[in-house]
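Comments concern the structure below.
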Number of protein chains: 2
Amino acid sequence: MTFANVGSLGTKPGQRDAVVSILLRPKPELRGAGCLLYEVGVNEESPDTVFVCELWESAEAHQGSLKLDSVRAAISEAMPLLSGEMGGTRFTVLGSPIRDA
Amino acid sequence: MTFANVGSLGTKPGQRDAVVSILLRPKPELRGAGCLLYEVGVNEESPDTVFVCELWESAEAHQGSLKLDSVRAAISEAMPLLSGEMGGTRFTVLGSPIRDA
């Protein structure tokens, strides 16, 4: 079943945009790994936070993607820029009022 | 810019599935109102919570959708089943590592 991973990554002051650019670097291999959606964003209320909204074919697909070279490289590049504050929610998607319509 | 609305709706004990079915009721008019994605789900850690992950053409589109008859009807039908506990995050989408790839 489709797996949703929605998260927030706290960054060190002034490092938000650098983390955004790492996350936005094209990673076409994610599709092959089962990524259906991967949106990166920010908001004004949290100037030192990057938000991600991901949909995956399964929780296993998401887990497996963490072993991809490009993902491991992005994580190690971003880690020094992060504050350590992380949040988020993971859930199984049951459906959509606009997809089956 | 694309607007993400990710939220969690606390339900009264035993009412989660009823709220899910209200949210999953087909609402094709949401697309016309600017809804790009509307996923509804649950997880095992929070048995009395429904999660939604929405993408809209803009924050204004999302706001405007709250005036749709079907949305107002769904909200009033679901309200008595909710615990009042709500969470979530709203953010502006800057891009995706898989969409521009």
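Considering all C-alpha pairs of region A:3-92, those separated by over 16 Å amount to 53%. For B:Lys67, the aspartates and glutamates whose Cα comes closer than 18 Å to its Cα, not counting residues fewer than 8 places off in the same chain, are B:Glu29, B:Glu54, B:Glu57, B:Glu77. Net length available on complete extension from B:Arg25 to B:Arg99 is 23.8 nm, with 0.36 nm assigned per residue and the Cα-Cα distance removed. The distance from the alpha carbon centre of region A:61-89 to that of region B:29-101 is 26 Å, rounded to a whole number. The label point for A:Met79 and the one for B:Met79, both projected 7 Å from the Cα toward the Cβ, are 5.0 nm apart.
Modelled spin labels at A:Ser70 and B:Glu45, positioned 7 Å past Cα toward Cβ, are 2.8 nm from each other.
Under the convention that each Lys and Arg Cβ holds +1 and each Asp and Glu Cβ holds -1, the size of the dipole of the protein assembly as shown around its Cα centre is about 180 debye.
Backbone amide hydrogens, once placed in the peptide plane, bring B:Leu94 within less than 5 Å of A:Val40, A:Gly41, A:Val42, excluding anything fewer than 5 places away on its chain.
The mean number of Cβ atoms from other chains found within 10 Å of a Cβ in peptide A:46-53 is 4, as a whole number. For the peptides B:34-44, B:67-77, residues were scored by their other Cβ atoms within 10 Å and the scores averaged per peptide; the highest-first order is B:34-44, B:67-77. Expressed in Å, the radius of gyration and Dmax of the Cα atoms of the protein assembly as shown are 17.0, 48.
By the equivalent-ellipsoid construction on the alpha carbon gyration tensor, region A:1-53 comes out with semi-axes of 23, 13, 7 Å, ordered largest to smallest. Footprinting exposure proxy ranking of A:Ser83, A:Ser8, fewest other C-beta atoms within 10 angstrom first, gives A:Ser83, A:Ser8.
Charged side chains reduced to their Cβ positions (Lys and Arg at +1, Asp and Glu at -1) give region A:3-92 a dipole of some 240 debye around its Cα centre.
Read the figures in this text as sums done on the coordinates, not as results from a lab. None of these values were measured; they are calculated from a predicted model. So basically every Cβ, Gly included, is an ideal-geometry build from the backbone, and we count neighbours across all protein chains shown.
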